[in-house]
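Reviewing the structure listed below.
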Amino acid sequence: MIRSTALLATLLLASPALSNPVAMPTRMPAGPVSLDAFKGWVAVPVAVMINGQITTQWMLVPAQAVASVAAATPTPAAEAGAPAPPAAASVTATHGRVIAATCASCHGTLGVSHSPIPGLAGLDKAYFVKQMKAFKDGSRKATVMHQHAVAYTDDEIEQMAAIFAAVKP
Amino acid sequence: MTMQRRDFLKVSAAGLAAAGFPLRAHAGAAKAKVVIVGAGFGGATAAKYIRMWDPAIEVTLIDREPKFVSCPLSNLVLAGLKTLDDITKTYDALKTKYGVNVVVDSVTAIDTDKRVVKTEQGSFAYDRLILSPGIDFRFDQIDGYTAQAQERILHAWKAGEQTLKLRQQVESMRDGGLIVIGMPLAPYRCPPGPYERVCLIANYLKRAKPKSKIIMLDANPDVASKKPLFMKAWNTLYSDWVEYRPNSKVVKVDAEGMIASTEFEDIKADVINIIPPQRAGQVAEMAGVRTDSNGVWCPASFVTYESKAKPNVHVIGDALLSNFPKSGHMANNMGKVCANAVVELLNGRQPDPVPVVSNTCYSAVSEDRAIHIATVFRYDPAKDQMTAQPGGGISSDLSEEEAVYAEAWAESIWSDTFL
């Protein structure tokens, strides 16, 4: 955190960005973005204290720094009822989050149940997979789940299991 | 984070410009605008899930009603087993928790070239438009079903005021009276709904007006949903109260004389409830997307629900031309597939290429027993269709356990859609 106005001013004035202005986006992206004029650099939000007030500023840092930090930080489990993290970056991921979302009609959004129907949020991944397979082969008796489980592939069941396991109930 | 001092020298001009302004996830102009018309199971779900999956997208949700009244479980209100309040939900959480801009107003025009939705009080520009307008009734298909006749001969097929009015009609009927319930050829909103209504009104008559009767006039050649279970309910619980007639389309009504007519006979009744033939809501016509061969339903992609007639306009719910049952559960599922597709497309990415949606639909047959049907549909890219997967089916019997699940299902889907 930069605590001195003077230091910040010095850094800004020394910045090549001011002498070679780059057209910046008029709205702030929520995460790191790569700028053509700064190849190999990414802009990240940084907490800055100016005159005793904490604000968020954008700073350019080497891309490697962000990558190593990201790798070291495990993704926290989503809060119950909190908005899901920003979007799926692959076909598998986008398919996974939609099919998991269709479970919510009975099991509650993100698997957090608001009814006597069991919740799925926070269920152990292996347990979820085992139950779905048991519904599929009839070894676990059900009124309706066997009719659903049988329609999903093993991969899809693994995806759903991972998604629900990551939600804090 | 740790970094070299020299790295601090590279500071973005935008950082300078933003000095002193706390960064919120969507400060300044939104990434894109989505307008949704229809705040039912389809539209409200789509609104919530777009906001969940990309809060940088601004969502405006327009409906002419200030609150949502659920068609599912409304037959229990007709039977005196629930109140209208029990099945009414507000849009508060969509506003305060998810930041949906909820607008209570009527749509007057849609310009799909300029991408603007006009309402009585306002005007809303969109990048993507989602229509979930439900159904409108084709009263013109039945002789005599004028606006005046509609005051006395109710449909109660959009829950709310008509639910209470029909309940009042049934409650104030004399013991020994006759109720005629007419229903249209499939496809129509909620395949089992009319049969559930017959069960539950019969349940009330059995308790409160045991000399009364119901005649059901079904345009279809046979019970169109959960047939063996509804027949069992009528035969074992309500045989003295229910007469079911297939191949009996209502072609004419006389609201003065209180007569419902098929092609072959006229039936005089104390209460006439007609569920008319239906088509996609008028809003779909305003957008120019009600374009199947009869101008009745809306053809759209099963991957994105984008209309085949108009780009950037998506259609979900009952209004869609499809092999889906027209149910709230399906609309809720379509809302999610559509929300995801819209989010991915607005972010320059690919939507889910093989959507899977499902329907779990409960019907109450009495105050303590219910039945269900469950179907999973998977997209088949080779045939460009949604195929019902093997393994779906109905209950094995009328069930007390399922009556508990039916109630739980409703609480659950209402919370998933509105909370």
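Structural remarks
- Counting only strands (runs of 3 or more DSSP E) that sit completely within segment B:343-419, those holding 1 or more residues that are surrounded by fewer than 18 Cβ atoms within 10 Å (Cβ to Cβ) and in contact (Cβ under 8 Å) with a residue 60 or more places away in the chain correspond to B:385-388.
- Scanning segment A:108-122 for residues that are surrounded by 20 or more Cβ atoms within 10 Å (Cβ to Cβ) and more than 11 Å from chain B (Cβ to nearest Cβ) yields a count of 2.
- When residues in segment B:248-276 are screened for being more than 22 Å from residue B:188 (Cβ to Cβ) and either in contact with a Phe, Trp or Tyr (Cβ under 8 Å, 6 or more places away or on another chain) or among the small types (Gly, Ala, Ser) (or both), 1 of them pass.
Yes or no, residue by residue, for (1) closer than 18 Å to residue B:221 by Cα; (2) modelled with pLDDT of 95 or more; (3) over 28 Å from the mean Cα position of the chain (by Cα):
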{"residue": "B:250", "(1), (2), (3)": "yes, yes, no"}
{"residue": "B:257", "(1), (2), (3)": "no, yes, yes"}
{"residue": "B:279", "(1), (2), (3)": "no, yes, no"}
{"residue": "B:284", "(1), (2), (3)": "no, yes, no"}
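- Residue among B:354, B:337, B:315 that is on the phi < 0 side of the Ramachandran plot and more than 13 Å from chain A (Cβ to nearest Cβ): B:315
- Meets criteria (in contact with a Pro (Cβ under 6 Å, 6 or more places away or on another chain) and small (Gly, Ala, Ser)) for residue B:295: no
- Odd one out for residue B:191 among (1) surrounded by 19 or more Cβ atoms within 10 Å (Cβ to Cβ); (2) not in a loop (DSSP other than H, G, I, E, B): (2)
- Helices (runs of 4 or more DSSP H) wholly inside segment B:37-145 that include at least 1 residues being surrounded by fewer than 18 Cβ atoms within 10 Å (Cβ to Cβ): B:92-96
The values are calculated or read from the model by the stated rules, or taken from the named source; none is laboratory data. Values in this document were obtained by computation on a predicted structure and should not be read as measured data. When we count neighbours, we look across all protein chains shown, and the Cβ atoms used for this are built from the backbone with ideal geometry, even at glycine.
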